[in-house]
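Peer 1: Please read through the structure below; I'll follow up with questions.
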Amino acid sequence: MQDTLDSRRLRYFMQVLEHGSVRGAAEALDMDPSAVSRAIGLLEQECGARLLERHGRGVVPTEAGLLLADYQRRQNSEQRQLLAQFDSIRKLERGHIDIVAGEGFIDWLMRHSLRDFMAEYPGITVDIEVGSTDDIVERIVEQHAHIGLVFQPPLDERLRTHHSHPQPIEALVLQAHPLTQLQRPLLLADLVPYPGAMLHRGFGVRQHIEAAEISEGLRLQPALTTTSFNAIAHFVTAGLGYALGARMPMPAYEISGERVVALPMANPLLSQGQAKVVTRQGRQLPPAAGVLLQRIVADIKHRALA
């Protein structure tokens with residue numbers, strides 16, 4: 001078998017398979033049947049194997065012919081994909097991106113990376129789904145979303161992390177709250193006398209809190225549990241109590257130094273959290289999603305360094 005196969009003869013061969021006969025292929029190609037037959041004969045010499053055999057009034061592929069047809073279809077598909085990618089990279093005129101993120105990332109996305117991206121590429125549509133840590137991991141792993149922004153996902157070889165940023169869990173309270181008078185990192189026991197708010201167990205933040213509870217030998221009884229960061233923000237700003245949560249460089253609401261303060265926690269387990277930008281390991285993102293991913297990572301790094 002030769003190192004390369006004649007592309008013209010390959011095209012004739014595929015036409016024969018499509019039409020089921022040399023004559024049918026010749027009519028589609030507007031050629032003499034004998035010319036098509038000679039080309040197939042030369043292709044069989046190149047391959048060193050019989051590619052077609054007679055069947056009734058037509059022809060069918062041999063085992064070698066089936067292998068060659070499958071190879072050619074893959075080549076054609078990869079070529080179309082490559083050309084489409086080149087065109088998309090050059091234009092980014094159309095496309096769609098699915099993002100799944102914790103609620104705490106949404107405000108930052110809409111004020112920075114996503115706002116700028118959508119203004120620059122108005123033909124790209126975007127879907128944002130808000131979810132818990134467990135939801136986000138599932139959406140990324142099952143390839144239902146291109147990009148995920150998540151707090152401390154579990155170790156999973158199917159996830160690829162593009163950026164990771166420290167995200168300690170702190171106690172968020174109004175400046176006048178009694179906890180601010182302790183003037184030291186807080187123990188979980190310090191929170192017990194006061195009403196608090198926390199996220200549900202499907203969130204990585206809550207899972208870290210529960211690990212800290214076990215290490216300190218107590219169980220907090222929050223007055224409010226929710227899937228909504230916004231509800232937690234209102235709980236704190238209304239003066240109803242504390243919230244245990246992560247103050248990210250991309251919060252769902254701004255923490256004002258005048259009204260709300262973030263108090264550090266003493267338990268080291270609450271300082272180990274990471275905010276991560278993830279995709280599915282091994283997945284080739286569409287060009288538009290790849291460009292947005294690069295922008296998100298660059299913006300987070302820039303904001304974290306500022």
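Peer 1: Looking only at the range 3-16, filter to residues that are closer than 12 Å to VAL36 by Cβ and not charged (D, E, K, R); which one of those is surrounded by the most Cβ atoms within 10 Å (Cβ to Cβ)? If you could, list the steps in order and put the result at the bottom.
Peer 2: Residues of the range 3-16 that are closer than 12 Å to VAL36 by Cβ, as a first pass: 8-9, 11-16.
Cutting the leftovers down to not charged (D, E, K, R) gives us 12-16.
Numbers: TYR12: 23, PHE13: 26, MET14: 16, GLN15: 18, VAL16: 28.
So, considering only residues that are closer than 12 Å to VAL36 by Cβ and not charged (D, E, K, R), the one surrounded by the most Cβ atoms within 10 Å (Cβ to Cβ) is VAL16.
Peer 1: Okay, moving on. For ARG139, indicate whether it is open to solvent by 50 Å² or more (accessible area, probe 1.4 Å), over 24 Å from HIS19 (Cβ atoms) and in contact (Cβ under 8 Å) with a residue 12 or more places away in the chain. Give the steps one after another, and end with the answer.
Peer 2: Numbers: open to solvent by 50 Å² or more (accessible area, probe 1.4 Å): yes; over 24 Å from HIS19 (Cβ atoms): yes; in contact (Cβ under 8 Å) with a residue 12 or more places away in the chain: yes.
The answer is yes for ARG139.
Peer 1: Inside the range 32-49, can you point out the residues that are open to solvent by 50 Å² or more (accessible area, probe 1.4 Å) and touching a helix residue (DSSP H, G or I) at 6+ places or on another chain (Cβ under 8 Å)?
Peer 2: ASP32, SER37, LEU42 - these are the residues of the range 32-49 that are open to solvent by 50 Å² or more (accessible area, probe 1.4 Å) and touching a helix residue (DSSP H, G or I) at 6+ places or on another chain (Cβ under 8 Å).
Peer 1: Further question on the same structure: For residues in the range 18-31 being within 45 Å of the chain's Cα centre (by Cα) and of a type in the set (A, V, I, L, M), which is most open to solvent (accessible area, probe 1.4 Å)?
Peer 2: We begin by selecting, within the range 18-31, every residue within 45 Å of the chain's Cα centre (by Cα); these are 18-20, 25, 28-29.
Next cut, of a type in the set (A, V, I, L, M) only: 25, 28-29.
Details: ALA25: 0, ALA28: 59, LEU29: 34 Å².
Looking at the filtered set, the residue picked out is ALA28.
Peer 1: Further question on the same structure: Quick one: PRO195 ticks every box in (1) farther than 13 Å from MET265 by Cα; (2) at pLDDT below 95 except a single one, so which number is it?
Peer 2: (2)
Peer 1: Can we say GLU170 is farther than 25 Å from HIS96 by Cβ, open to solvent by 70 Å² or more (accessible area, probe 1.4 Å), out of contact with any Ser or Thr (no Cβ under 6 Å at 6 or more places or on another chain) and acidic (Asp, Glu)? Let's see the steps before the verdict.
Peer 2: On the way: farther than 25 Å from HIS96 by Cβ: yes; open to solvent by 70 Å² or more (accessible area, probe 1.4 Å): no; out of contact with any Ser or Thr (no Cβ under 6 Å at 6 or more places or on another chain): yes; acidic (Asp, Glu): yes.
So GLU170 fails the test.
Peer 1: Here's a follow-up. Being at pLDDT 85 or above and either part of a helix (DSSP H, G or I) or crowded, with 19+ Cβ neighbours inside 10 Å (or both) is the requirement here; does LEU285 meet it? It would help to see each step written out before you state the result.
Peer 2: Working: at pLDDT 85 or above: yes; either part of a helix (DSSP H, G or I) or crowded, with 19+ Cβ neighbours inside 10 Å (or both): no.
No, not satisfied.
The values are calculated or read from the model by the stated rules, or taken from the named source; none is laboratory data. Just so you know, these numbers come straight off a predicted model, no measurement behind them. Virtual Cβ from ideal backbone geometry, glycine too; neighbours counted across all protein chains shown. Note: accessible area is taken over every heavy atom of the protein model, side chains too, but ligands, DNA and RNA are not part of it. Shrake-Rupley method; radii C 1.70, N 1.55, O 1.52, S 1.80 Å.
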